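Okay, so here's the structure we're looking at.
The values are calculated or read from the model by the stated rules, or taken from the named source; none is laboratory data. Computed from a predicted model, the values in this text were never measured in an experiment. Methodologically, a virtual Cβ is constructed for each residue, glycine included, from the backbone with ideal geometry; neighbour enumeration extends over all protein chains shown. The accessibility values were calculated without ligands, DNA or RNA, using every heavy atom of the protein model including side chains. Shrake-Rupley method; radii C 1.70, N 1.55, O 1.52, S 1.80 Å.
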Amino acid sequence: ETKPRLPVIYLNLQECTCCTESLLRSAHPLIADLIFNMISLDYMEPLQAAAGKQAEEIRLKTMKDYPGAYLLIVEGSATLGDGGVYCTIGGKSSTELLKEVANGAAAVIAYGSCATNACVQGAYPNPTQAVPIRKVVKNKPVIDVPGCPPIAEVITGTIVHYLTYGKIPELTNLGRPKAFYQHRVHDNCVRRAFFDAGQFVESFDDAGAKQGWCLYKVGCKGPTTYNACAITEWNDGVSYPIKSGHPCIGCSENNYFDNTPFYTR
Ligand code: SF4
Ligand code: SF4
Ligand code: F3S
């Protein structure tokens with residue numbers, strides 16, 4: 001409470017903005033508390049009141065006043081195709097903007113699967129040559145927070161850890177916060193007892209589905225997906241895809257769009 005609020009620049013690159021939507025639903029901490037009391041969110045296109053020249057001036061002022069001290073959060077992938085023309089912000093390619101802002105940041109959070117593995121834009125045939133943020137930002141610590149989108153409390157929890165301890169959290173070997181990504185969804189799944197007992201849903205809406213049996217045979221990727229869904233759950237701990245009857249499609253894993261059993265090319 002006594003610390004000055006941490007300046008944060010949030011860039012929205014190639015994305016669908018659902019990661020922003022998820023962030024705005026954080027209950028612990030409440031998003032209003034985070035934005036108004038804990039950080040100084042100086043630049044974020046979907047939320048800022050300013051626009052155009054005025055908004056870009058605020059970004060430049062934060063970069064000038066807090067060199068090496070602000071946090072950069074990036075939602076969306078970078079694009080390398082044709083000089084980065086497929087996503088431009090303020091008259092420059094978003095990849096150029098990313099490099100510029102990352103240069104003065106203390107650390108970078110790549111938020112969402114678009115930012116960590118290029119997600120849907122990077123899926124075959126990847127027409128814009130979309131790449132993860134860490135492929136462009138090589139001179140700063142990059143924290144990967146994958147998911148399509150991630151759970152709100154996973155991103156706000158990562159930010160609050162940085163605010164509280166002044167350093168990035170302990171990461172897995174894939175560069176993700178260990179507190180949220182060390183377990184497979186399968187490890188703590190609500191349907192796990194049915195998996196162990198060999199009771200599987202064979203087709204949607206069969207008798208096993210009505211009993212809440214394991215979804216492995218209808219494509220569940222929970223055994224190979226590292227995410228907090230089965231522990232933290234969504235919407236302030238209400239549910240997660242498997243609990244609601246849908247197999248995990250592995251949305252926090254690299255190239256999940258090309259590997260999912262549900263979207264075929
Ligand atoms: Fe949207 Fe998924 Fe990309 Fe987030 S990771 S911006 S939810 S497509
Ligand atoms: Fe594992 Fe998926 Fe079955 Fe849950 S539904 S126990 S995550 S295979
Ligand atoms: Fe994504 Fe699987 Fe969780 S699809 S939301 S990681 S249950």
Flag for Cys148 being within 15 Å of ligand 1 (Cβ to nearest atom), open to solvent by 40 Å² or more (accessible area, probe 1.4 Å) and under 16 Å from the mean Cα position of the chain (by Cα) = yes
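With the requirement that a residue be open to solvent by 20 Å² or more (accessible area, probe 1.4 Å) and not aliphatic (A, V, I, L, M), what does region 71-86 give you? It would help to see each step written out before you state the result.
First pass over region 71-86, keeping only residues open to solvent by 20 Å² or more (accessible area, probe 1.4 Å): 80, 82-83, 85-86.
If the condition is that a residue be open to solvent by 20 Å² or more (accessible area, probe 1.4 Å) and not aliphatic (A, V, I, L, M), then Asp82, Gly83, Tyr86 are the ones that fit.
Select from region 39-80 the residues that are out of contact with any Cys (no Cβ under 6 Å at 6 or more places or on another chain), in a loop (DSSP other than H, G, I, E, B) and within 16 Å of ligand 1 (Cβ to nearest atom) and list them in ascending order. Don't jump to the end; show me each part of the working.
Let us first name the residues in region 39-80 that are out of contact with any Cys (no Cβ under 6 Å at 6 or more places or on another chain), namely 39-74, 78, 80.
Still in the list and also in a loop (DSSP other than H, G, I, E, B): 45-51, 66-69, 80.
Answer for region 39-80, where residues must be out of contact with any Cys (no Cβ under 6 Å at 6 or more places or on another chain), in a loop (DSSP other than H, G, I, E, B) and within 16 Å of ligand 1 (Cβ to nearest atom): Glu45, Pro46, Leu47.
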task = Those residues that are open to solvent by less than 60 Å² (accessible area, probe 1.4 Å) and among the hydrophobic types (A, V, I, L, M, F, W, C), I need them from region 182-193; list them, please.
result = Val185, Cys189
query = Which of the residues belonging to region 238-255 are open to solvent by less than 80 Å² (accessible area, probe 1.4 Å) and either near ligand 2 (Cβ under 10 Å from one of its atoms) or not β-branched (Val, Ile, Thr) (or both)?
reply = Ser239, Tyr240, Pro241, Ile242, Gly245, Pro247, Cys248, Gly250, Cys251, Ser252, Glu253
task = Mind listing whichever residues of region 124-145 are buried (at least 19 other Cβ atoms within 10 Å of the Cβ) and not in a helix (DSSP H, G or I)?
result = Thr128, Ala130, Val131, Pro132, Val136, Val137, Val142, Ile143, Asp144, Val145
query = What are the residue pairs meeting all of these: first residue in region 75-87, first residue under 17 Å from Arg134 (Cα atoms) and assigned by TED's automatic domain parsing to the domain that holds Pro150, second residue aromatic (Phe, Trp, Tyr) and open to solvent by 10 Å² or more (accessible area, probe 1.4 Å), Cβ atoms under 7 Å, and 6 or more apart or on different chains?
reply = Thr79/Tyr86
